[in-house]
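Only one structure is covered here, and it is reproduced in the block below.
Values in this text are rule-based calculations from the coordinates and carry no lab data. Just so it is clear, the model here is predicted, and its values are computed rather than measured. Because the Cβ atoms are built from the backbone with ideal geometry, glycine has one as well, and the counts that use them run over all protein chains shown.
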Amino acid sequence: MTRLITRRRLITTGLAAAAGASGLAAAARLADRYGLIPPDHGGIYGAGETLTYAAQRVLMSHHSMAREFDRGDISRVAPVNGAPPETDAYQRLSSGAFAEWRLLVDGLVARPSSFSLAELQRLPSRSQITHQACEEGWSFIAQWTGVSLSDVLSLVGVSTRAQYVAFFPFDQSWDSLDMSDAWHPQTLLAYGMNGQELSSGHGAPLRLRVPRQLGYKSVKYLSRITVVDTLNGIGKGLGSWSPEIGYSWYAGI
Ligand SMILES: Nc1nc2c(c(=O)[nH]1)N[C@H]1C(S)=C(S)[C@@H](COP(=O)(O)O)O[C@H]1N2
Ligand SMILES: [Mo]
């Protein structure tokens, strides 16, 4: 523990000194030495994005918790952002009440698996009342029920080479988390919301909830989860769809 704190202090002091003295690029080089470079570190995001991510990871305990609320705090209105995917595959599964839907979990895992909704619902169920904030400025508090991503990852057996978990929905909004957020106790695969099954608009049959990051990281309409050691080969190699359209990969709040 003491060694960890000392190391944290060292990196933090180093990052701040480097950023102050010789600019963001030097801080970014230091962050790189400690494996704290986010996948969208290049291009227009550059060193600033690295500094945000590295500072969060160094300063905050890896499992600092998002605030959880009481039942009485649940918002009366929960806006839906966007329409459910129009793909044939999604429409067909949706009209069959998702009985034929499977969540595929593969990549760097010992036991690649697929889970039906019923199978996921038989795993230990978790609920959280948390705040979801969209980058556009609106937000709401809701209760989410589902299975911990960490429980599913433990079941399939994650390789020690794993660096990220990528999430693929039925639309284009794929995303990924580092292992710290993937194992975070509040990172949930949700199939229920406010005591009901998850509606189409809110991401049926299964969505990710990452309450330590902005709403766009909470990928709806999940189809496949893949554990990887690099995000280079996926999409444009920026770690998710959002940096391709102007938002950062890491959206910690
Ligand atoms: N697959 C998918 N997931 C998604 C989105 C999307 O368009 N497609 N929108 C994101 C954004 S920008 C936000 S703010 C939240 C909105 O969740 P809600 O519709 O349940 O309020 O979902 C996120 N997850
Ligand atoms: Mo959003």
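Can you give the charge dipole size of the chain about its Cα centre, rounded to the nearest 20 debye, using +1 on the beta carbon of Lys and Arg and -1 on the beta carbon of Asp and Glu? Walk me through the numbers before you get to the answer.
Working: 23 positive and 21 negative charges, 172 e Å.
Charge dipole of the chain: 820 debye, to the nearest 20.
Over the chain, with a single point scatterer placed on each C-alpha, what log10 of the ratio I(q)/I(0) does the Debye formula yield at q = 0.15 1/Å?
The calculated log intensity ratios at q = 0.15 Å⁻¹ are -1.11.
Roughly speaking, what is the centre-to-centre gap between the stretch 111-163 and the stretch 189-253 when only Cα atoms are used, to the nearest Å?
10
Order 121-128, 205-212, 101-108 from most to least packed using the mean count of other Cβ atoms within 10 Å.
Details: 121-128: 14.2, 205-212: 23.6, 101-108: 18.5.
Per-residue Cβ counts within 10 Å, averaged per peptide and sorted highest first, yield 205-212, 101-108, 121-128.
For the stretch 82-191, what's the relative contact order in percent, using C-alpha pairs closer than 8 Å and at least 6 residues apart?
Details: 140 pairs, mean separation 26.4, N = 110.
In percent, rounded to a whole number, it is 24.
Please report, in debye to the nearest 20, how large the charge dipole of the stretch 49-98 is about its Cα centre when each Lys and Arg carries +1 at its beta carbon and each Asp and Glu carries -1 there.
Values: 5 positive and 6 negative charges, 24 e Å.
Dipole about the Cα centre, nearest 20: 120 debye.
For the Cα atoms of the chain, what angle does the longest principal axis make with the long axis of helix 46-59, in degrees from 0 to 90, nearest 10?
80
Return the calculated 222 nm mean residue ellipticity for the chain, to the nearest 500 deg cm²/dmol, obtained by summing -39500 (n - 2.57) across DSSP H runs with n ≥ 4 and dividing by the residue count. Intermediate values should be presented prior to the final figure.
Working: 7 runs with 71 residues, N = 253.
Calculated mean residue ellipticity at 222 nm is -8500 deg cm²/dmol.
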